[in-house]
Amino acid sequence: MYKVNRNVIMGKSRYDIEILCRKYIDRSISEEEVAEMLDYFKDHGIPDKFDHLLGVEFSKAVESTNPTEQIEHLTDKVKLNLKKHVASKKKSDLYRWLPYVAAVLIFGTVGVSWFVFSPKADDTMVSEINIMPGGNKATITLADGRVLTLDESREGIIIEGQEVTYNDGTSTVLALESSSPQMLTLSTPRGGTYNVTLADGSMVWLNAESTLKYPSHFAKGERVVELEGEAYFDVKRVQADNSAAHFKPFKVVSANQTITVLGTEFNISAYHDEEETKTTLVDGKVRVETRRFGEEMTLLPGEQGKNGKNGLEKNKVDVYDYIDWKNGEFVFRNETATEVLQRIARWYDIAIDYKDYVPSDEIFSGSISRNSNLQTVLNILREAGDVTFEVKDRTVAVRNKVKNTIQ
C-alpha cells in the first residue's frame, strides 16, 4: 500500500506525484487521488517517471517482433489521451467522470485504450433498466429439502455445534435438530456471492452460480466437501487422533477431480459450462487426482492445475489473476471476448446474445472493478476493442463496432 504525503498544501512534491502515478498504474488509486494527479499534470505536465511505469506495465502484455517500438507507441498514445482529457475538460466534468478515469487499463487486439475519457453517447446501447453488480445472495438447503434464503445484508454464515449463525454474530440462521452429521448445501445464484466457515474452522468463499455441499460437522477421518462452480478455500490444519505429526486430510470433490490438502489456500473453478477445471494454489500444497484418466499431480504455491479433455496440465501463474473475484475485481489476462463476457454475465445475471456477431479474434487483458454497474463495464470493453453492445432488459446483444458504424 502506497502512502501519499498530504502535508504539502500548495503543491505536490516529485515523490508524491511518482507515488500517485504508480498507484494509477497498479489500479489502486482512489478517485480523490486521480483528481490530484490530473491537476498536477495540467499545471506541470506529465513526468518522465510516468513514461517508465507505463513502459514496464505494457512490456508484460506486448507480444511483438519489435516490442520496444510498440511499447513507445502505446505509451505515447496514453499520454496523448491524458493530455487531451486534461486540456479539454472543465474541472466539473473531470470530477464527474472520475469513476471512468480510475476504472481500468484494457489491452485489445486492435491496440490499447487507457480509460481517461468522457463516455461518448452511443445510440446502439439502450437499456430499460440500470443493471447493477451482484452482491451477497445465497440459499442454504437442509438435509430434509427445506431451503432458507440468507440475509443479503450479511456476508456469510458459521457452522458451530448444532447452530448455523451469521458471521457477524448478530443472529442465528437455524438450529440443527440432530447431533449426527447432516448434509447442508450453500448455493449462490448468478449475481451472488457468500462465504461459510465450516465446522472445522475452514473458510470457503463462493463465487456466483456456485454450490458447496458439506456436513454440519466432520466425522472422524477425512474431511470431504463437494463443489460445483467456483470457490476460494482457506483450509484449517486439524490434527488427526491427537497426533502433532498427522493432520486430517481435507478433500474437495469437483468436476472429474478430487483435491486433497492438509492446510492451505487455493481457488477452484469448476463450472459445468466450462471445458476446464482450474485449481490455483496460493499457499501450502495440494494433490489433484482425476477420475477420468486416473492422473495425479502435486501443486506448489504459484502453480495451477488444469483438468480438461486432454487430462492434467500444470502451469506457473500469477495467482491473484485467479482470485480476483474474491478481491472485488475482474482480472483478464489474454482472454477471449467470449470468456470475458461469460464471467460478466455470471456476475450481472444477464444473457449474452451472439446471434449477429461472435468476436472470435478479440483478446483482452486488464482489470475492472466488480462494483461497477454493467453500463460502465460494457463501455470499457467497447472502447478497448471492436465490439459494441445493445442492451434490452437483461440481455446483451453483441455487435461488430466497425460494421455497426458503417450501417
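The values are calculated or read from the model by the stated rules, or taken from the named source; none is laboratory data. Quick caveat: nothing in here was measured; it's all calculated off a predicted structure. Cβ placement follows ideal geometry from the backbone for every residue including glycine, while neighbour counts extend to all protein chains displayed.
The table below gives the values:
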{"quantity": "Residue that is nearest to the chain's Cα centre (by Cα), among those in region 216-227 that are modelled with pLDDT of 95 or more and buried (at least 18 other Cβ atoms within 10 Å of the Cβ)", "calculated": "Leu227"}
{"quantity": "Filter result (basic (Lys, Arg) and loosely packed, with under 14 Cβ neighbours inside 10 Å) within region 313-328", "calculated": "Lys316"}
{"quantity": "Test result for Val396, under 22 Å from Glu274 (Cα atoms) and under 13 Å from the mean Cα position of the chain (by Cα)", "calculated": "no"}
{"quantity": "Which numbered condition Lys236 fails, given (1) surrounded by fewer than 19 Cβ atoms within 10 Å (Cβ to Cβ); (2) in a strand (DSSP E or B)", "calculated": "(2)"}
{"quantity": "Selected residue (criterion: surrounded by the most Cβ atoms within 10 Å (Cβ to Cβ)) from residues of region 51-77 that are at pLDDT below 70 and of a type in the set (Val, Ile, Thr)", "calculated": "Val62"}
{"quantity": "Matching residues in region 173-200 - criterion: being modelled with pLDDT under 95, part of a loop (DSSP other than H, G, I, E, B) and of a type in the set (Gly, Ala, Ser)", "calculated": "Ser178, Ser179, Ser180, Ala199"}
{"quantity": "Residues being out of contact with any Leu (no Cβ under 8 Å at 6 or more places or on another chain) and not aromatic (Phe, Trp, Tyr) - total across region 297-340", "calculated": "26"}
{"quantity": "Residue selected from region 259-286 under the condition part of a loop (DSSP other than H, G, I, E, B) and within 17 Å of Phe247 (Cβ to Cβ), by the criterion farthest from the chain's Cα centre (by Cα)", "calculated": "Leu262"}
{"quantity": "Number of the exception - Thr336 against (1) at pLDDT below 95; (2) in the same structural domain as Gly221 (by TED's automatic domain parsing); (3) in contact with an Asp or Glu (Cβ under 7 Å, 6 or more places away or on another chain); (4) among the hydroxyl-bearing types (Ser, Thr, Tyr)", "calculated": "(2)"}
{"quantity": "Yes/no for Ala255 being surrounded by fewer than 18 Cβ atoms within 10 Å (Cβ to Cβ), at pLDDT below 90 and of a type in the set (A, V, I, L, M, F, W, C)", "calculated": "no"}
{"quantity": "Sole residue being assigned to a helix (DSSP H, G or I) and of a type in the set (Asp, Glu), chosen from Glu383, Glu390", "calculated": "Glu383"}
{"quantity": "Residues being farther than 12 Å from Ala337 by Cα, free of Cβ contacts under 8 Å to residues at least 60 places away in the same chain and over 22 Å from the mean Cα position of the chain (by Cα) - total across region 355-393", "calculated": "2"}
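So that you can scan it fast, the table gives a plain yes or no per residue for (1) of a type in the set (D, E, K, R); (2) more than 22 Å from Thr188 (Cα to Cα); (3) out of contact with any strand residue (DSSP E or B) (no Cβ under 7 Å at 6 or more places or on another chain); (4) outside any loop (DSSP other than H, G, I, E, B):
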site	(1), (2), (3), (4)
Arg292	yes, yes, yes, no
Thr298	no, yes, no, yes
Lys314	yes, yes, no, yes
Arg333	yes, yes, no, yes
Leu341	no, no, no, yes
